[in-house]
Structure formats: structure tokens, C-alpha cells
Amino acid sequence: MSIGESVKRVDAYEKVTGRAKYTDDLCPKNALIAKVLHSTIANGWVKQMDCSEALKVPGVIKIVTCFDVPNYPFPTAGHPWSTDPKHQDVADRLLLNQRVRYYGDDIAAVIAVDEVAASRALEKIQVTYEILPPILHTDAPLTTDTVPLHEAYPDNILAHSDFEIGNYEESCTEEGLIWFEDHFDTQMVQHCHIEPATSFAYEENHRVIVVSSTQIPHIMRRIISQALGLPFGEIRVIKPYIGGGFGNKQDVLYEPLNAFLCTQAGGKCVKLELSREETFHCTRTRHAISFKLKTGVRPDGQIVTRYMEACSNQGAYTSHGHAIVSNAITGFRHIYQQEKAVKADAYTVFTNLPCGGAMRGYGIPQMTFACESHMQDIALKLGLDPIAFRLKNVLQLGYKDPFLGITCHSYGLQECIAKGRTYIDWDKKCKTYANQTGPIRRGVGMAIFSYKTGVYPISLETASARLILNQDGSVQLQMGATEIGQGADTVFSQMAAETIGLTLDHVHIISQQDTDITPFDTGAYASRQTYVSGMAVKETATLFKEKLLDYASYFLKLPAANLDLIENTIVHQATKEVLITLEALALEAFYNLDYCQHITAEKTVQCKNNTISFGACFAEIEVDLPLAKIKVLDIINVHDSGILINPQLATAQVHGGMSMGLGYGLSEHMLFDAKGKPLNPNLLDYKLPTSMDTPDLATDFVETIDPSGPYGNKSLGEPPAIPVAPALRNALLQATSIAINQLPLNPHILFEKFQAAGLV
């Protein structure tokens, strides 16, 4: 009735007409303005701060420095909390910092009546530093004079983890193996969501209220509690419509500082909105990760043994920390199988660069670039068809992770590859583009991927939903899960309508999350909400329908088992005869003098399952050798994400992810000078693809029924961004016979490679 239909987004009209209210739209016009003073060194200490001239600026209310804030270290990652200390994030942040760990670290804040006064005051604050040499690379040598970024990590290594399945050392002794070793580097990039990080905070009835553009309102409440030393109940977080996040807003960014500043201003409303430049280097980034791979293969293409070493540049603070690269090496074992053994080591290293955090794909885009490039190289060096080589070694239905228990419950990868192969005309173009000469060349490339759904069993997976009957027979649906532009509110509404037996116009979802009102949910991340929060919707809707039919049984004097609810009417289960409209029944439920019942339902689920989605990307490119420029001629992503709740929204998700993948593969790269100062923290110098750079994006799906999903569905939000970069790299390899093992594939990097190969 609703599942599987491309219904119109429930928030479409509000957003298209501009009526949707975002954080800045809700901020009172008389709010005080806060601005943050950022360090102008990358490593060292703030020794002294003179605010005397700044305080003379008209309109300045107060200046808070790093010497004034409470000493409550707190974490910032939007991970589910746990009473088990092993599942708690590293608490290494303070509201403002005396110890400077990157260029742009937060060292003071000004509260003023307007932005002009706050900005002028920042310019007049005099700071005295003790400067240390910046550490910008994970392999930077440590000497006896090196001061660690964090005392708890004297070697600057946040964490190391590893795994081994089978006996790797023994597997390496097999005679006749052909060995392949490669090194790959991925770059730091930024999320570039349209709406910058923004919030405002005020006090009301001895409580702090924070309104924020966030993916994780309930987690934010807990972190503000930790940062300010206040009880949970004294904090309220409200999340309005949000203008994009892509993982950056899965961190608690400046909201704890904003909350503290409002308490320093007598509880008055204080707004703290970052500029685009601040959003670039003072929030979070995608980690730059380096990989070493070693694979032993038989001459027939059978993979016998594999090894990966991954080293992640964490930047200055922990944020999501080691979870990113740990997820990367977990994903390494979730795409290919080997006959004997697989082993991996992962390291996360602190440096004096902006902090790495969550970004769409959570370490898997980096790993997939390395892994899929490596697999392409192996196939070509063995003289094997790259697709046949992959199909010989890919993961199969029923795979169960030996450590996590994550199981491949449904599997459409082979069909995804077949669809992409046909679309791009792979076989014909591989022959056509072989052995090219001349300055303009073409190539086709492909890459596959897998991605799990949610964070179980690594972290807690829980969600709740609430349904309330209205007097006209419609329902209100309240979710703690957040709409961040991906269409979650629409698919939740479709789920509720389908399960209860309503038409979609009878479901009114409340998009705003408010920790005082909405049920608990950990938020939007890990491609989890349609899967985990969808379970909560289904269970709540099932209970709600039972209550409706129980009341109908009372009113109609018929057994509930003989009744059903179809398209807003109570019908006889066997004959489908209409017995009463839901609107009429609702009026009785509210106002019947004999038996009045306010019908509501709320359920909590704790998800203890996970599953794997799959897909493939095929790309055709044209490369201009003298200009060292790639033009994408055609590209398709084919996804197995289980049953599609809303095909149109699914297509939109894939288009957005592919666009991010194009930028990641071809142009985006955060750059820094030798002192750690950002060189391109703006949308002019940071080369984000525009509509002129983006070809038509083709999408297709293979719909499998995943038995673990509430409606046969599994992850889709993050996977579209994963396979694009390696598909482009492999197309370039076919066009030029040059294997480039670093991102992005921009003209600067390409020209050096082409020149070294004698192509220009």
C-alpha cells in the first residue's frame, strides 16, 4: 500500500517554498552573538592572554578565555554511550584549550551584542604562545625532545588493533604463490554541507536549552552534560530541520561551548554560528589513511592469503578516533574471501592537523580505494579479466564474520555487476580502448563494495517510536531518529502507513526532535535508521493497530480477530466489508461517554542483528594527457540494498553519494603549509565539483529481500559514495596503463605521473 512506492517527500512543500525552519530561522533576533578566537599556531601552549583592549570595544558583553573554563574533559563522537567503560569514547576535549594542538584550536570566545562587535574584539585580543614544531604526518620521526599531543599517548599513537583469521604466516609458505604488494594514500577532505555548524542556547527555568543543527540530539544532551558537569535533566536539546551533515554533525561540535557561554551571559540567548572557513578546519574531516597491501594469489586467480596495514591521520583530537580505521580493516574482510588466511593491522596517530571524524562511509571509501585498486592491478598483471577475477573471490551468501557475527543474510552482488557491465558496454569498450595512442584517450573501470548496516555488535543499537491517534483518524508519528535531508521522515511515514493500514496522508510525522518530548534514538549515522529505527516503527505500528482493533471490537461488538484496518477503515477480516471509518471510530474513542480511550503506542527496540549491502560502480572516462584532466563520460552505481522503501528517494541518495565520490576521486583535497595552516578552507580554493563537472548519473538496483530488515531493507545512505573513486582510478589505468595509488586524481598529481611515464 505504501512500501515500495515513490511517494512525494513529506517535507517537500515546506522545503521548496522556504517555510521549513532551520536553526538560524528560529534564533531570536535579539540574541547575543558569540565568536571564537582560534590559535594561530599548530602546536604549543597559550601562556598569556590580554583582553583589555578587546573589552573596550562597544557592544562586548564578556570574554571567556581558555583559563576560565571548567576542567571537565569530554568526548565529542556521536557514538552510543555505554555503562561499560570499554565502550566509552576518549574524553580529551575542553571547552577552550590552553594546550594548542592544531592551527585553529579554540582558545577564547567573545560574547557581544552583534557580529561586528564580536569580530572587532577578537582582533584586539593579544595572545602569547610557547611554540612547538608541528607534527603533520603520521610517519613523522619522534625524538627525545618531541612533546606528545596528549600526555596519555606518549608516542602519539591513539590506538592499534589487529585481527587474524587462519594462520597467516603458515599460508605464506605455500609454493607457487604469486605475490603482489602495493601502497595507497587517501587524502583529507571536508563534508561541505550547505548549512554550517550553528546553534543557539539560552536558560529557562534553571535549565539550559540548546537548539542545534545536529544529527544526534539525544547523544548531544549527554555530551553537554559531561562538558558542563550538569545533570541530564537540566539540559534540553532541540533539533530543527538540518541543512546537511554527512557525518560532520555526528559529532558534538560547538554546542557545549555555546551552552556554557549562555550561562556566562546570565542565561540570555547566545548564538554561535561558524563561518565557512571555520567549518572547514575547526569541525571534522574525512581521515587521510595510508594502506599497505600484500596478497598471495595462485596463477589461476585464487586468492590464498591477504594482509593489510592501515595508518590513519587522526589530527589533533580523538573524536571518532580509532573506530574509523578499525571499521576500514573490518570492511577489508567483508568483500573478498581467501582460501587460507587474512590478517590486518590498524593504527591511529595524532598529528597537528584538523580533527578527523565521521564522514559518509566511515573509513570504507578509503579502504575500498586501496583494495579495489589493488585487485584491479592483480588481475591485469595475471592477465585475467578483472570482473572474472573478482567474481572468483568475492564474499558469498551466508558469510558470517568470525569476530562480530555479522552475517550476509541477502546477496545481490553478482546481479549488480552484471547490470553495470551491460550498461557501460564493458566487453566491447575494453577491446575498443586497448592499446590507445595519442593525447586523448578513453577507458572504462569498475569497483565493487560492501557495507554493513548499523553499528551492532560494536555498539549499542536502540531506537523508539511513538504513535498517537488524532480525533479525525489520522496519527502523529514521533521519532527520535533524525531527518537530515535523506528522506527518513518520508520512509518512516510509509512504514507506519503500511503497517497500520492507513493512507500516507493520514500519517503526520513530527520532524523536529526535542529531547524533552521525542522518544530516544541515537541518531542519523551508519546507514542505520531505516533498518534499526524502522524496526521501532514497525513494532510500534503493530501495537497501535492492535489497540485500534481492540477498541473497534468493543464498539462493534465483534472479536478483534475478525477485524482488520485497510485504507483508513475498519473492515471484516474475511469479507472485507466496511464496518466503520477510522475517523468515526476515533471520535468514539475520544468522546464516548461509556468507554473513552486515548489510543497511543510506544515501543523500544534493541537491535541485535546486522547485515551487509553490496554494489558496483562502472565508469567511462576521457583523459586529456597534455592537460592532465579527466572527464567522466558515463557512470553508474548499481546497489543491492534489499527492498527499497521509496525508489525515488533511493535514487536521490545514490545520486548524492556518487557526486561526493566524484569529488573525492578527482579534485577535493584539504591542503596545509609547513606550519599546519590551512591553505584552501573555502569553496573557491577547495575544488568541490560543480554541475559543470558532473555527468548524468545513472543508477540501478537489485532488490533482494533481507530477512533481518523490518521490511526486507538494508543500508543505502552511505554506500553510494564508496566505489566511485576506485572505479575512476581503474578507468584511468585502462586508458593510460599508469597505476596511480593516491587520491585525488587531480591535474597536479596526474601531470607528474604522465611526465614520468613519458606520455607528455
Q: For G657, state whether it is in a helix (DSSP H, G or I) and crowded, with 23+ Cβ neighbours inside 10 Å.
A: yes
Q.
Tell me the residue from E181, E169, E174, E151 that is over 25 Å from V349 (Cα atoms) and open to solvent by 70 Å² or more (accessible area, probe 1.4 Å), please.
A. E169
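Condition check ((1) within 22 Å of K249 (Cα to Cα); (2) assigned to a helix (DSSP H, G or I)) across all residues:
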site	(1), (2)
P519	yes, no
A526	yes, no
T530	yes, yes
G534	yes, yes
E539	no, yes
K545	no, yes
L548	no, yes
A561	no, yes
D564	no, no
Q: State all residues of region 1-44 that are within 22 Å of G104 (Cβ to Cβ) and surrounded by 19 or more Cβ atoms within 10 Å (Cβ to Cβ); if no residue qualifies, say none.
A: I33, A34, K35, V36, L37, S39, I41, A42, N43, G44
**Q.** Candidates I621, I570, I636 - the one that is over 30 Å from Y423 (Cα atoms) and not in a loop (DSSP other than H, G, I, E, B)
**A.** I570
Q: For R441, state whether it is open to solvent by 10 Å² or more (accessible area, probe 1.4 Å), under 29 Å from the mean Cα position of the chain (by Cα) and over 28 Å from I329 (Cα atoms).
A: no
Q. Where in region 1-111 are there strands (runs of 3 or more DSSP E), lying wholly inside it, with at least 1 residues that are among the acidic types (D, E)?
A. 44-50
**Q.** Those residues of region 281-308 which are among the aromatic types (F, W, Y) and surrounded by fewer than 24 Cβ atoms within 10 Å (Cβ to Cβ), in sequence order
**A.** Y307
Q) Got a sec? Which of K547, K538 is crowded, with 19+ Cβ neighbours inside 10 Å and modelled with pLDDT of 95 or more? A) K538
Q.
Could you go through region 359-379 and let me know if any residue there is of a type in the set (G, A, S), over 18 Å from the mean Cα position of the chain (by Cα) and outside any helix (DSSP H, G or I).
A. no
Q.
I'd like the full set of residues that are in a loop (DSSP other than H, G, I, E, B) and surrounded by 19 or more Cβ atoms within 10 Å (Cβ to Cβ), limited to region 660-702.
A. S667, E668, H669, M670, G676, P681, Y686, V702
(Q) I'd like to check which strands (runs of 3 or more DSSP E) are fully inside region 259-337 and have at least 2 residues that are closer than 20 Å to F180 by Cα. (A) 288-297, 303-315
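Yes or no, residue by residue, for (1) open to solvent by 70 Å² or more (accessible area, probe 1.4 Å); (2) without any contact (Cβ under 8 Å) to a residue 12 or more places away in the chain; (3) within 27 Å of L732 (Cα to Cα); (4) not in a loop (DSSP other than H, G, I, E, B):
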| residue | (1), (2), (3), (4) |
| --- | --- |
| A388 | no, no, yes, yes |
| K392 | yes, no, yes, yes |
| L397 | yes, no, no, no |
| P402 | yes, no, no, no |
| Q414 | yes, no, yes, yes |
| T422 | yes, yes, yes, yes |
| K428 | yes, yes, yes, yes |
| K431 | yes, yes, yes, yes |
Q: Mind listing whichever residues of region 572-618 are acidic (D, E), in contact with a strand residue (DSSP E or B) (Cβ under 9 Å, 6 or more places away or on another chain) and surrounded by fewer than 14 Cβ atoms within 10 Å (Cβ to Cβ)?
A: E577
(Q) Checking the structure you have, find out if any residue of region 199-221 is of a type in the set (V, I, T), farther than 27 Å from E309 by Cβ, open to solvent by 80 Å² or more (accessible area, probe 1.4 Å) and under 28 Å from the mean Cα position of the chain (by Cα). (A) no
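The values are calculated or read from the model by the stated rules, or taken from the named source; none is laboratory data. Note that the coordinates shown come from a computational prediction; the quantities given were computed from them, not determined experimentally. Cβ: placed from backbone, ideal geometry, glycine included. Neighbour counts: every protein chain shown. Just so you know, the surface numbers come from the protein's heavy atoms only, side chains and all, with ligands and any DNA or RNA stripped out. Shrake-Rupley method; radii C 1.70, N 1.55, O 1.52, S 1.80 Å.
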